[in-house]
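Worksheet: the structure to be examined is printed underneath.
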């Protein structure tokens with residue numbers, strides 16, 4: 001691997017409070033020098049007029065495939081992690097990608113929902129390497145794991161599976177509590193104790209998302225805060241805005257107060273008012289869905305054909321027939337409501353919060369998950385626009401257009417904060433999210449004036465624009481806006497097995 005010299009750019013490195021013109025020298029996958037007159041290289045990138053920043057770190061990306069990596073590369077992402085969900089079979093997942101190769105740096109959590117499925121139903125989730133959400137949707141045909149409290153032997157099995165996954169190097173525990181709301185507080189407490197014993201975060205989709213008690217989003221956050229206080233586990237809240245919906249202000253205040261008391265709680269949000277999930281999700285079948293969520297059944301839109309549901313009976317029938325189908329959930333009307341835009345701001349601009357995409361897998365018109373090698377993606381491939389434009393959208397709208405925060409602070413939310421969230425339990429993350437000597441050579445170089453997302457809800461598979469160059473693990477992946485389709489520079493992010501407890 002040759003030496004790469006990045007010259008003439010405006011370097012923004014929030015981790016080291018650096019902002020100004022500087023050169024960056026890369027060798028053997030590491031940054032070896034930053035400054036001026038720092039040496040020569042085999043390859044030089046002229047970054048004059050461009051921003052040079054640490055590559056964006058996505059804590060919440062379900063795609064985990066070559067096509068998903070490529071789309072995220074144009075969004076400035078260099079490290080893509082599936083932490084809210086993840087897998088049950090951790091070593092086979094890493095072994096698979098070690099053989100196949102990845103475009104971006106990659107890593108996974110151990111998935112609590114999958115361990116629950118295995119322990120309570122016997123349904124196998126071992127094939128969820130590139131199709132985790134598809135497997136999850138299919139497993140929802142047997143609702144025992146979603147609706148029931150685990151008995152003593154089932155709980156022991158769940159905890160043993162989680163412990164095994166963490167011993168194999170998983171980065172944390174992905175807790176899809178919203179998909180299994182029947183799980184009891186005693187079980188969740190024990191799950192958090194497992195995470196605390198390994199000193200890794202939990203990445204939690206809260207149990208309830210309603211605006212009404214009982215089983216409201218506020219109640220779910222109170223539970224999560226209680227788990228942090230009772231067990232000492234680092235509780236990370238996934239897609240805070242989507243989970244809190246129109247009750248964001250109340251939920252924000254609860255979490256802020258818990259953090260002020262010193263509880264180990266962090267969170268992330270994405271810059272969209274529309275969520276996405278699988279059709280079989282438990283919250284869609286709630287009897288008083290419209291009152292509890294403040295939206296009608298027409299807020300649920302099938303992604304394959306754009307169809308919006310109209311009645312509970314129609315939605316329940318579709319759940320039974322096509323449980324793994326991806327849907328959009330229109331939660332906040334940010335186009336027409338100033339109040340809803342304010343609510344989204346509360347989530348996206350949450351102090352110390354990370355930006356994370358919740359990127360979805362790329363799916364074809366026949367409903368199958370696309371994991372092929374075509375670039376550009378097939379014309380019928382679709383996913384939520386956040387799968388290709390999350391970080392560029394955030395910087396374009398909140399920094400360049402609306403000027404709600406500085407570019408340095410935005411980069412901190414995209415790079416530095418995600419690395420800090422992970423650094424205690426995962427030593428490999430301590431060298432990411434910064435541009436100092438010794439750091440991993442993951443670098444995004446972009447044109448601030450042209451940086452923009454291009455995907456929308458009618459044309460979902462358009463890559464973002466403005467990323468001129470992208471360096472992943474010391475290798476040029478994008479040069480002058482052109483993707484190297486042969487490149488597989490991604491390296492695994494994994495906890496050392498020797499650290500397993």
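The values are calculated or read from the model by the stated rules, or taken from the named source; none is laboratory data. Source: prediction; values computed, not measured. Note: ideal-geometry Cβ built from the backbone for every residue, glycine included; neighbour counts use all protein chains shown.
Remarks
- Residue match in the stretch 387-399 (condition: within 20 Å of residue 490 (Cβ to Cβ), free of Cβ contacts under 8 Å to residues at least 60 places away in the same chain, in a helix (DSSP H, G or I) and out of contact with any strand residue (DSSP E or B) (no Cβ under 8 Å at 6 or more places or on another chain)): no
- Hey, residue 57 touching a helix residue (DSSP H, G or I) at 6+ places or on another chain (Cβ under 6 Å), assigned to a strand (DSSP E or B), crowded, with 18+ Cβ neighbours inside 10 Å and touching a residue at least 60 places away in the same chain (Cβ under 8 Å) or not: yes
- Inter-residue pairs, beta-carbon under 7 Å, first free of Cβ contacts under 8 Å to residues at least 24 places away in the same chain and in the stretch 448-473, second buried (at least 16 other Cβ atoms within 10 Å of the Cβ), 6+ apart: 450/465; 450/466
- Scanning the stretch 107-124 for residues that are touching a helix residue (DSSP H, G or I) at 6+ places or on another chain (Cβ under 7 Å) and surrounded by 24 or more Cβ atoms within 10 Å (Cβ to Cβ), we see that the one that is farthest from residue 420 (Cα to Cα) is 117.
- Test: residue in the stretch 140-160 that is part of a helix (DSSP H, G or I), out of contact with any helix residue (DSSP H, G or I) (no Cβ under 6 Å at 6 or more places or on another chain) and at pLDDT below 95: yes
- One residue stands out among those in the stretch 130-139 that are out of contact with any strand residue (DSSP E or B) (no Cβ under 7 Å at 6 or more places or on another chain) and either within 17 Å of residue 362 (Cα to Cα) or surrounded by fewer than 23 Cβ atoms within 10 Å (Cβ to Cβ) (or both): the one that is modelled with the highest pLDDT, which is 138.
So that you can scan it fast, the table gives a plain yes or no per residue for (1) in contact (Cβ under 8 Å) with a residue 12 or more places away in the chain; (2) within 22 Å of the chain's Cα centre (by Cα):
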| residue | (1), (2) |
| --- | --- |
| 153 | no, no |
| 163 | yes, no |
| 175 | yes, yes |
| 204 | yes, yes |
| 224 | yes, yes |
| 232 | yes, no |
| 236 | yes, yes |
| 242 | yes, yes |
| 245 | yes, yes |
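Residue-by-condition table, conditions (1) closer than 28 Å to residue 388 by Cα; (2) free of Cβ contacts under 8 Å to residues at least 24 places away in the same chain:
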| residue | (1), (2) |
| --- | --- |
| 255 | no, no |
| 296 | yes, yes |
| 299 | yes, no |
| 308 | yes, yes |
| 314 | no, yes |
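- Among the residues of the stretch 354-365, none qualifies, meaning not one is surrounded by fewer than 21 Cβ atoms within 10 Å (Cβ to Cβ), touching a helix residue (DSSP H, G or I) at 6+ places or on another chain (Cβ under 7 Å), without any contact (Cβ under 8 Å) to a residue 40 or more places away in the chain and over 30 Å from residue 399 (Cβ atoms).
- Total residues in the stretch 82-125, condition at positive phi, free of Cβ contacts under 8 Å to residues at least 40 places away in the same chain and within 18 Å of the chain's Cα centre (by Cα): 0
- Considering 171, 176, the condition of being in contact with a strand residue (DSSP E or B) (Cβ under 6 Å, 6 or more places away or on another chain) and within 29 Å of residue 319 (Cβ to Cβ) is satisfied by 176 alone.
- Residue count, the stretch 13-50 (criterion: on the phi < 0 side of the Ramachandran plot and either outside any strand (DSSP E or B) or crowded, with 23+ Cβ neighbours inside 10 Å (or both)): 17
One line per residue, one yes/no per condition, for (1) farther than 22 Å from residue 491 by Cβ; (2) surrounded by fewer than 22 Cβ atoms within 10 Å (Cβ to Cβ); (3) in contact with a helix residue (DSSP H, G or I) (Cβ under 7 Å, 6 or more places away or on another chain); (4) without any contact (Cβ under 8 Å) to a residue 40 or more places away in the chain:
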residue: 414; (1), (2), (3), (4): no, no, yes, no
residue: 419; (1), (2), (3), (4): no, no, yes, no
residue: 423; (1), (2), (3), (4): no, yes, yes, yes
residue: 427; (1), (2), (3), (4): no, yes, no, no
residue: 430; (1), (2), (3), (4): no, yes, yes, yes
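- Taking the numbered list (1) in contact with a helix residue (DSSP H, G or I) (Cβ under 8 Å, 6 or more places away or on another chain); (2) farther than 23 Å from residue 336 by Cα; (3) surrounded by fewer than 23 Cβ atoms within 10 Å (Cβ to Cβ); (4) modelled with pLDDT of 95 or more in turn, residue 227 passes all entries but (3).
- Qualifying positions in the stretch 163-176 - surrounded by fewer than 24 Cβ atoms within 10 Å (Cβ to Cβ) and part of a helix (DSSP H, G or I): 163, 164, 167
- Picking from residues in the stretch 271-302 that are within 15 Å of residue 322 (Cβ to Cβ) and in a helix (DSSP H, G or I), the one that is modelled with the highest pLDDT is 284.
- Scope the stretch 485-496; condition in a loop (DSSP other than H, G, I, E, B) and within 24 Å of the chain's Cα centre (by Cα); matching residues: 485, 487, 488, 489, 490, 491, 493, 494, 495, 496
- Residue in the stretch 367-374 that is touching a strand residue (DSSP E or B) at 6+ places or on another chain (Cβ under 8 Å), within 30 Å of residue 323 (Cβ to Cβ) and modelled with pLDDT under 95 present: yes
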